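Novice: Starting off with a structure, shown below.
The values are calculated or read from the model by the stated rules, or taken from the named source; none is laboratory data. All values derive from a computational prediction rather than experimental measurement. Using ideal geometry, Cβ is built from the backbone for each residue, glycine included, and neighbour counts are taken over all protein chains shown. Ligands, DNA and RNA are excluded from the accessible area calculation, which covers all protein heavy atoms including side chains. Shrake-Rupley method; radii C 1.70, N 1.55, O 1.52, S 1.80 Å.
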Amino acid sequence: MAQPNNGVSSAVTHTQPLWLLAEVTYRCPMHCAFCYNPTDYDKHTQNELTTEQWIQALRDARKLGAIQLGISGGEPLLRDDIEDIVIEAKKLGYYSNLITSGVGLTEQRIQALKDGGLDHIQLSMHDITEDINNFITNTKTFQLKQKVAAMIKSHGYPMVLNVVIHRYNIGHMKEILEMAEALGADYIELANTQYYGWSLINRSQLMPTKEQVDEAEAITNTFRANPNNKMKIFFVVPDYYSDRPKKCMNGWGEVFMIVTANGDVLPCHSARSLPNMKFPNVRDSDLGWSWKESPAFTKYRGTSWMKEPCSSCSEKENDLGGCRCQAFLLTGDAEAADPVCSKSPHRHLIDKAIEDARNPVFSEQPIVFRNDKNSKRVIAGELNDRLDEFHSLP
């Protein structure tokens with residue numbers, strides 16, 4: 001078992017990463033109010049890794065055992081070398097997945113990606129209505145996404161849709177599933193918003209009520225049970241409406257390894273939000289050492305870092321204490337029990353957020369859209385009125 005060199009011991013249950021997520025750029029034409037990229041992502045947009053550096057990172061991760069490759073961002077298609085990265089991934093034996101908004105995907109590029117060996121394209125969709133799609137992303141991309149979905153299907157890719165679910169679209173669950181079916185989707189992930197990054201800033205605007213989540217899940221289960229349904233449907237339950245935390249990324253430093261646009265190596269998307277953490281970088285650290293021995297990856301790996309109530313909990317091997325970033329963002333203590341847990345002394349913070357979701361004050365807390373310079377703030381009351389109008393339609 002690898003041991004950290006900072007005096008903190010922890011059990012290692014996996015000796016190799018299985019999934020490499022390459023966040024090749026934080027640049028993005030979308031301004032989604034729920035974006036999981038760091039809120040200070042503009043600090044990391046400079047000094048992106050070169051094509052050669054990305055290819056070397058792919059080679060090193062493959063030697064460690066990584067077999068699945070996610071190519072993400074930001075919007076990865078803003079880079080003009082994605083085709084080169086895909087070709088190398090194919091040579092190395094990765095199963096590769098492009099995670100995209102669809103912006104920048106042309107017939108020429110999708111054919112080049114197909115020829116290069118890209119296995120999978122995951123397209124983000126936002127709603128069945130143009131108003132809400134354009135509002136929540138602060139872009140006019142509704143028609144574009146419909147065209148890209150057709151393009152993906154026509155090139156023989158499995159149709160994989162990801163829909164982030166929040167207060168503004170959760171009432172359209174049946175229609176979203178019908179839209180996915182009409183587009184020929186093979187898979188759809190209904191990903192209830194988890195509150196990190198921009199979505200934490202906008203939690204009071206985005207968070208649906210427990211009743212809305214339950215109804216959405218019931219609609220999903222009914223649709224899933226229909227014998228005529230051919231789609232595989234994944235409904236990701238939001239953390240806040242559970243009394244048990246789940247493993248962060250299937251365990252800190254156990255399955256996932258993320259390399260960011262500027263080369264930082266992370267065990268999870270939000271890890272840079274944690275205080276007093278120094279993360280290795282592929283420019284000056286061996287990827288094997290980063291995974292096996294670096295303080296960043298070993299600090300919260302296993303259970304030996306835990307304090308009460310986690311350290312004596314019978315569930316600690318199952319949930320590994322929950323999410324470290326969520327614990328820090330809500331309590332200020334990265335080693336606290338995840339507040340989602342019913343045993344956490346901070347559970348009242350989650351209960352307060354749930355109560356607030358029942359009585360949102362749209363006029364006082366504007367949505368803050370992801371923005372490169374000055375975050376755009378929009379009062380959501382007008383859109384809420386449009387939602388009421390939509391639901392009143394026959």
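Novice: Express in whole angstrom the spacing between the alpha-carbon centres of segment 259-280 and segment 47-65.
Specialist: 16
Novice: Simple spin-label model, 7 Å along Cα-to-Cβ: Asp186 to Gln146 in nm?
Specialist: About 2.5 nm, to one decimal.
Novice: When the accessible area of the chain is split by element with a 1.4 Å probe, what percent falls to carbon and sulfur?
Specialist: Looking at the chain in its full context, I get 50 percent from C and S.
Novice: Can you name the helices of the chain, as whole DSSP H runs, whose Cα span along the helix axis is 18 Å or more and whose Kyte-Doolittle mean is not below 0.0?
Specialist: 142-154
Novice: Spin-label point model (7 Å from Cα, Cβ direction): what's the Glu178 to Glu52 distance in nm?
Specialist: Once both label points are built, they end up 5.6 nm from each other.
Novice: Under 20 Å from a label point 7 Å along Cα→Cβ of Thr39: give me every residue in segment 171-208 with its amide N that close.
Specialist: Once the point is set 7 Å along Cα→Cβ of Thr39, 193-208 turn out to lie under 20 Å by backbone N, inside segment 171-208.
Novice: Could you check what % of the DSSP bridge pairs in segment 15-393 are antiparallel, to the nearest 5?
Specialist: Antiparallel bridges make up about 15 percent of those DSSP assigns within segment 15-393.
Novice: Give, rounded to the nearest 20 debye, the magnitude of the charge dipole that the chain has about its Cα centre when Lys and Arg contribute +1 at Cβ and Asp and Glu contribute -1 at Cβ.
Specialist: Value, rounded to 20: 620 debye.
Novice: Arrange the residues His126, His31 by how much accessible surface each exposes, largest first, with a 1.4 angstrom probe.
Specialist: Heavy-atom accessible area, descending, gives His31, His126.
Novice: Just the number please: accessible area per residue for the chain, 1.4 Å probe, all protein chains included, in Å².
Specialist: Normalised by residue count, the accessible surface of the chain is 43 Å².
Novice: Can I ask one more? Given a Förster distance of 41 angstrom, what is the FRET efficiency for Ser285 paired with Ile233, based on the Cβ-Cβ distance and rounded to 0.05?
Specialist: With a Förster radius of 41 Å, E is 0.55.
Novice: Using a Förster radius of 30 Å, what is the FRET efficiency between Lys153 and Arg59 based on their Cβ-Cβ separation? Nearest 0.05, please.
Specialist: 0.40
Novice: Only helical DSSP H runs with n ≥ 4 go in: add -39500 (n - 2.57) per run for the chain, normalise by residue count and round the 222 nm mean residue ellipticity to 500 deg cm²/dmol.
Specialist: So the helix-based figure for the chain works out to -10000 deg cm²/dmol.
Novice: Who wins for biggest fluctuation among Pro280, Pro227, Pro339 in a Gaussian network model of the chain, springs between alpha carbons below 10 Å?
Specialist: Maximum among the listed residues: Pro227.
Novice: Using 0.36 nm per residue, how much length does the chain from Ala225 to Lys343 gain when fully extended, once their Cα-Cα distance is taken away?
Specialist: That works out to 39.0 nm of additional length.
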